[in-house]
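The values are calculated or read from the model by the stated rules, or taken from the named source; none is laboratory data. Only a predicted model underlies this, so the values are computations on that prediction, with no experimental measurement involved. Quick reminder, even Gly has a Cβ in these numbers, built from the backbone with ideal geometry, and neighbours come from all protein chains shown. To get the accessible areas, we keep the full protein, side chains included, count just its heavy atoms, and leave off ligands, DNA and RNA. Shrake-Rupley method; radii C 1.70, N 1.55, O 1.52, S 1.80 Å.
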Amino acid sequence: MPSNKSVSDAPIIQFTNCRILREHKLQREDLWVRDGKILDPEKLFFDEQGYADRRLDCAGAIVAPGFIDVQINGGYGVDFSQPCEDVSTGVSLVAKKILEHGVTSFCPTLVTSPPAVYHQVLPQINVHNGGPEGAGVLGFHLEGPFISSEKRGAHPERFLRTFRSGGTDDLMETYGSLDNVAMVTLAPELPHSQSVVSTLRQKGVTVSLGHSVANLSQAEDAVRHGASFITHLFNAMLPFHHRDPGIVGLLTSDQIPAGRTVFYGMIADGIHTNPAALRIAHRAHPSGLVLVTDAITAMGLPPGRHTLGQQVVQIQGLHAYVAGTKTLSGSIATMDMCVRHFKQAAGCSVEDALEAAALHPARLLGISHRKGSLHYGADADLVLLDDGLRVRTTYISGEEVWRAEL
């Protein structure tokens, strides 16, 4: 135990023989953890004269921050947009299952639904930290219903809504409450949307632009009002055009306010985005890329018919379609799959691939002081990976919560 008992009686864990992701580089250093937080070893040695109570040999593994998925609609037979009397059971099942894919925090995502669904589902799940029972919940991502009919994708048209005013009335009438909501995706070309963006930001909700026919000027105006994310870039938006690049143009816009970053989600499943498009986005704006799974009910299940909100989805191979169409409807990819595919398709470094799944989503949500990095004082949410970026062990608050079978 540490010799200075006045600091903490909690045991100190030392992760040895590892390469840790810190300051954008994999570095051969030990990692020290106490009370679920990452320790500064200099303070431990020189101020406390402390030492490790337990050493864990990582056998040369990469140690990265736990992955964060800000867009996941469900999985393993669970659809977050399906109302029921016990939503928490389904969320808990997915939270437990995604630990094996390195995800330690996530935003359960609800697609366009009638108000009654939001009113029933949202009050049942609170923001909470993860642990042995599963990944932590950072808050809901509400994707719709304030989106474009033309670019609705798999969202049911009959439940789409517009803003009648610029205040909170439409939001409250639709969602019931913004408690435990982390993000809202909306179309910035809708009348009154800019004042809604401002209102959401004032309430601490991250605003994303998506399912939209907005031009670049409308998208830039939304960013000036506080929007900071693009939902699944290239998908469900106007295609890039050299005279008006639309929302895609935000990646290189010179109208982004000083000190602000526009982040963008990428579904790197090999289906939603061509590798060349992935490379274009990453090379244009590498620090803004956020990997998302956009996973649906069928993640982890065999091919067949499943639900996504109010729609029926058909799984064919690795594709998820609205039944009877060729409209893509989310993915069945896992986050570790996306990390591996992104690295291979983009030709980026291991560091870039890992930060796109951890640091960047944490920065997007304004939680990078405690999630998404291995800086001193951050939560000890960790994923140990081999050189092929396959998950070996997952930790939350310094506690092992999943381990691959040898």
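Assorted remarks:
- All of (1) in a loop (DSSP other than H, G, I, E, B); (2) at pLDDT 95 or above; (3) touching an Asp or Glu at 6+ places or on another chain (Cβ under 9 Å); (4) buried (at least 18 other Cβ atoms within 10 Å of the Cβ) hold for residue 155 with one exception: (2).
- Only one of the numbered conditions (1) crowded, with 17+ Cβ neighbours inside 10 Å; (2) out of contact with any His (no Cβ under 9 Å at 6 or more places or on another chain) is not met by residue 38, and that is (2).
- Any helices (runs of 4 or more DSSP H) falling wholly within region 298-398 and containing at least 3 residues that are of a type in the set (Asp, Glu): 350-357
- Checking residue 287 against (1) at pLDDT 90 or above; (2) of a type in the set (S, T, N, Q); (3) not in a helix (DSSP H, G or I), the condition it does not meet: (3)
- Verdict on residue 297 being open to solvent by less than 20 Å² (accessible area, probe 1.4 Å), over 24 Å from residue 263 (Cβ atoms) and polar (S, T, N, Q): yes
- Flag for residue 231 being β-branched (Val, Ile, Thr), farther than 16 Å from residue 363 by Cβ and assigned by the TED database to the domain that holds residue 219: yes
- Test result for residue 168, closer than 20 Å to residue 117 by Cβ, in contact with a helix residue (DSSP H, G or I) (Cβ under 6 Å, 6 or more places away or on another chain) and in the same structural domain as residue 208 (by the TED database): yes
- Filtered residues of region 343-394 (kept if under 16 Å from the mean Cα position of the chain (by Cα), open to solvent by 40 Å² or more (accessible area, probe 1.4 Å) and more than 21 Å from residue 204 (Cβ to Cβ)): 352
- Count - residues of region 41-68 that are open to solvent by 100 Å² or more (accessible area, probe 1.4 Å) and modelled with pLDDT of 95 or more: 3
To keep it simple, each residue is scored yes or no on (1) among the hydrophobic types (A, V, I, L, M, F, W, C); (2) under 26 Å from residue 356 (Cα atoms); (3) in contact with a strand residue (DSSP E or B) (Cβ under 7 Å, 6 or more places away or on another chain); (4) in the same structural domain as residue 162 (by the TED database).
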position	(1), (2), (3), (4)
190	yes, no, no, yes
198	no, no, no, yes
217	no, no, no, yes
246	no, yes, yes, yes
250	yes, yes, yes, yes
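- Residue pairs whose Cβ atoms lie under 6 Å apart, separated by 6 or more positions or on different chains, with the first residue in region 118-130 and in contact (Cβ under 8 Å) with a residue 60 or more places away in the chain and the second of a type in the set (A, V, I, L, M), are 130/396.
- Residue match in region 157-164 (condition: of a type in the set (Ser, Thr, Tyr), assigned by the TED database to the domain that holds residue 125 and touching a Phe, Trp or Tyr at 6+ places or on another chain (Cβ under 8 Å)): yes
- Enumeration of residues in region 323-342 that are among the hydrophobic types (A, V, I, L, M, F, W, C) and open to solvent by less than 50 Å² (accessible area, probe 1.4 Å): 323, 332, 333, 335, 338, 339, 342
- Set 389, 364, 382: member being in contact with a Lys or Arg (Cβ under 7 Å, 6 or more places away or on another chain), touching a residue at least 60 places away in the same chain (Cβ under 8 Å) and not charged (D, E, K, R): 389
- Filter pass, residue 184 being among the hydrophobic types (A, V, I, L, M, F, W, C), in contact (Cβ under 8 Å) with a residue 24 or more places away in the chain and surrounded by fewer than 22 Cβ atoms within 10 Å (Cβ to Cβ): no
- Looking only at region 98-135, residues that are in a strand (DSSP E or B), buried (at least 22 other Cβ atoms within 10 Å of the Cβ) and not β-branched (Val, Ile, Thr) come to 6 in all.
- Subset of region 264-281 (residues that are open to solvent by less than 20 Å² (accessible area, probe 1.4 Å) and either outside any loop (DSSP other than H, G, I, E, B) or not assigned by the TED database to the domain that holds residue 337 (or both)): 264, 265, 266, 278, 281
- Residue under evaluation residue 84, criteria (1) open to solvent by 50 Å² or more (accessible area, probe 1.4 Å); (2) more than 28 Å from residue 172 (Cβ to Cβ); (3) assigned to a loop (DSSP other than H, G, I, E, B), criterion not met: (2)
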